[in-house]
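Worksheet: one structure, shown below.
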Amino acid sequence: MASIKDVAAGAGVSVATVSRVLNDHPSVSAEARARVLAAVEALGYRPNAVARSLRTDQTRTLGLVISDVLNPYFTELARSVEEEARALGYSVIIGNADERPDLQDHHVRTLLDRRIDGLLVSPTDGGSPLMLEAARSGTPMVFVDRWIKGVDVPVVRADGQRAVRDLVAHLYGLGHRRLAIIAGPAATTTGSERVRAFREALAAYGLALPEAYTGQGDFQAESGRRVTEGFLDLPEPPEVVFAADNLMALGALDAIRARGLRVPDDIALAAFDDIPWFVHTDPPITAVAQPTGELGRAAVRALVDRIEGRGPESVTLPARLVVRRSCGESAARPTDEATARPTAEAVARPTDEAASALAAPAAPGAADRTVSSTVTESFATNRSMP
């Protein structure tokens, strides 16, 4: 394997000149730079990253600790993080916490020991002393998707509150009144935030969220199955189950099918965190979609800003509702789509007039349709239920 001395000899320059070229120092002439780069190419020289890090105090490596690598949302998030980091000249080491605080802290400790330049974390809970210590020690860090309250770290996240209001408006317009939720862990910010958004959206339509219709999950499929079984055992089961993440929604779907029930004929189903699989289920599942790719890219940019001494602000991006067939279809289909679309004001202030607008039948459309953050559409497909 060629050494830096071999490159210097091949280019007819000093070792110091080779080092300056490799570190993109402006003091090297264009002619010398060209000779050095030609020698690097001819000899197949690769700089020693470890040795360079000792000199520059940088490894050009970022750490990413995600909550669950089996969750398609976090898989997509990790991919976008890796792509953006690579574009900015960084490598990424990924640790999977598997929704376990102890495993999360293990990965954080290991990454810090490896002298990463910065750390991206989606916390599994809100009480990690190690995370607080890392933030206070000056380690460049950014929270993505979830965060820890009281820790002064930039947060890159999606705001699903408006999308959840859109979901409840859609369900109300379809005539559903008994709505239940499979909540995520209360110790996570996303777990508590989604329940609060759902409860507030229901209250805006005069609907309550009884304790019996609030099931505690853990962002895993098995908990979605268990909670849904409990809902179905109630004397008056809910008309709709809203799962606060995609894996719990799949568990809920399993429980519904195991009882011989059909979605949405017997019970409707919706989810937070849209995934590609949802268009292939029967029926396709209505879901709140987060801008996952952009979240990952924005998180990397914020972390690199922090590494390079700039003060990044937290970033909040809007989520959106994607309406499919898992919650039912409107009975009629007027030709004028505008007559089926309530105003943003009506959605924000659901009076009797707004309720009538929400209940109005919608225009025909595709089976997979996005509802914007400014209006909510009750909509029907042209396909009959299987």
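The values are calculated or read from the model by the stated rules, or taken from the named source; none is laboratory data. Computed from a prediction, not measured in an experiment: that's the story for all the values here. Cβ atoms come from the backbone with ideal geometry, glycine included; neighbour counts cover every protein chain shown. Ligands, DNA and RNA are excluded from the accessible area calculation, which covers all protein heavy atoms including side chains. Shrake-Rupley method; radii C 1.70, N 1.55, O 1.52, S 1.80 Å.
Take the range 68-194 with all the other protein chains still there, run a 1.4 Å probe, and you get 39 Å² of accessible area per residue.
Stretching Leu70 away from Arg199 to a fully extended chain increases their span by 43.6 nm, per 0.36 nm per residue minus the current alpha-carbon distance. Overall, the range 133-228 carries a charge dipole of about 260 debye about its Cα centre when +1 sits on the Cβ of Lys and Arg and -1 on the Cβ of Asp and Glu, all other atoms neutral.
Selection among Ser192, Leu111, Val155 by position relative to the dipole of the range 101-202 gives Ser192 as farthest towards the positive end (Cβ unit charges, Cα centre). How high is the FRET efficiency from Ile93 to Lys149, r the C-beta distance, R0 35 Å, rounded to 0.05? After rounding to 0.05, the efficiency reads 0.85. Solvent-accessible surface of the range 204-307, taken per residue with a 1.4 Å probe and all protein chains present: 37 Å². With Cα atoms as the point set, the range 262-330 shows a radius of gyration and Dmax of 17.5, 56 Å. From the Kirkwood radius over Cα pairs of the range 164-243, Stokes-Einstein at 37 °C and 0.692 mPa s returns a whole-number translational diffusion coefficient of 259 µm²/s. Between amide H atoms placed 1.01 Å from N, distances below 5 Å from Ala243 occur with Ile182, Ala270, Ala271, Phe272, all of them 5 or more places distant or on a separate chain.
Ignoring any ligand, DNA or RNA, what whole percent of the accessible area of the range 78-214 comes from carbon and sulfur when the probe is 1.4 angstrom? Each step should come with its number before you reach the end.
On the way: 2650 of 5550 Å².
Answer for the range 78-214: carbon and sulfur cover 48 percent of the accessible area.
Protection proxy ranking, highest mean first, for peptides 113-122, 32-41: 113-122, 32-41, where packing is the per-residue count of other beta-carbon atoms within 10 Å, averaged.
The separation of the range 78-94 from the range 177-200, counted between C-alpha centres, amounts to 32 Å.
Both radii are taken from the alpha-carbon atoms of the range 143-276; with Rh as the Kirkwood radius, Rg/Rh is 0.97. Packing here is the average count of other Cβ atoms within 10 Å per residue, and on that basis the peptides 217-223, 237-243, highest first, run 237-243, 217-223.
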